[in-house]
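*Asks:* Here you go, one structure.
Just so you know, all these numbers are worked out from the coordinates, no wet-lab data involved. Given the structure is predicted, the values throughout are model-derived calculations rather than measurements. Here the Cβ positions follow ideal geometry from the backbone for every residue, glycine too, while neighbour counts run over all protein chains shown.
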Amino acid sequence: MPLEAAPDPIAARVSDLNRRYRHHGAISVLGQALADVQVGRITLVSSFGAESVVLLHMISVLDRTTPVLFIDTEMLFPETLAYQSEVSKKLGLTDVRILRANREYMRQRDPDAMLHLPDPDACCALRKIEPLQRALAGFEAWITGRKRYQGGARAALEFFENDAGRRIKVNPLAHWDKADVQDYITNNRLPRHPLAGPRLPSLGCVPCTGSVSTGEPDRAGRWRGREKTECGIHFSKGHPMRGLTGARVSR
């Protein structure tokens, strides 16, 4: 008789966490994620983008020693780098870790910093996915700022996800809409990203970020004119939400 596959312990933990915290609010879910033994050692991954300050502020209130991972692709807007420094200091975050691509990988695979033109997936793999996967190796869970209202593959987000059988992903703001985010920033008098606004509601790397028109989704300006809608750091059932055709991801 064929052997039955062993049950996935992370899937079981995720199912139980979603059952237990289904009716909780964002700050409660985040607080429980930081303390629940089922979640384990956890970090916040933040882009320090247009809406990032919400979770960063919540972390500063709950536990400002929580590790925060910031991926510097070396193609970000200067305003994003300045904002990252400003917000970290203002909120008193004590463990912000800046991640960058391996220098040798960069020299071999993108010596002219032009890889994003022929192969944006490979560029994201080099500059985002590989540094993040190395940094996440020491954690059992990570926190993201993804929300259902952002659409696409995010439309059915749960508070807790199985991240490809490797760790747990926590989405405390999954059920928030755009008004919730803006109200939180206003009510807590938090600094806003200097570039964020109706025309640039979603910010990433300079060459892959464009403006949006009225009525378009917030992320419509990202990778404008391509099928690509995600950088690839978020996985669904073990696969990147946008395939990394031709790109190799170090483990």
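*Asks:* Nothing charged except the Cβ atoms of Lys and Arg (+1) and of Asp and Glu (-1): what's the magnitude of the dipole of the range 9-196 about its Cα centre? Round to the nearest 20 debye.
*Replies:* For this selection, approximately 340 debye.
*Asks:* Starting with the highest mean, order 16-24, 163-171, 205-213 by the number of other Cβ atoms within 10 Å, averaged over the residues of each peptide.
*Replies:* 163-171, 205-213, 16-24
*Asks:* Also, I was wondering about something else. With a cut-off of 8 Å between alpha carbons and a minimum separation of six or more residues, what is the relative contact order of the range 137-204 in percent?
*Replies:* Reported as a whole number, the value is 28 percent.
*Asks:* According to a simple spin-label model (label point 7 Å from Cα along Cα-to-Cβ), what is the distance in nm between Arg100 and Arg20?
*Replies:* Spacing of the two 7 Å Cα→Cβ label points: 4.0 nm.
*Asks:* A follow-up question, please. Among rounded, prolate and oblate, which fits the range 97-185 when a ≥ b ≥ c are the square roots of the eigenvalues of its C-alpha gyration tensor, a/c under 1.5 means rounded, and a/b larger than b/c means prolate?
*Replies:* Prolate, because a/c is 1.5 or more and a/b exceeds b/c.
*Asks:* Quick one: Kirkwood hydrodynamic radius for the range 1-129, alpha-carbon pairs, angstrom, one decimal?
*Replies:* Computed over Cα pairs of the range 1-129, the Kirkwood hydrodynamic radius comes out at 17.5 Å.
*Asks:* With contacts defined as alpha carbon pairs under 8 Å and 6 or more residues apart, what's the relative contact order of the range 9-196 in percent? Walk me through the numbers on the way to the answer.
*Replies:* Values: 259 pairs, mean separation 53.1, N = 188.
Across the range 9-196, relative contact order equals 28 percent.
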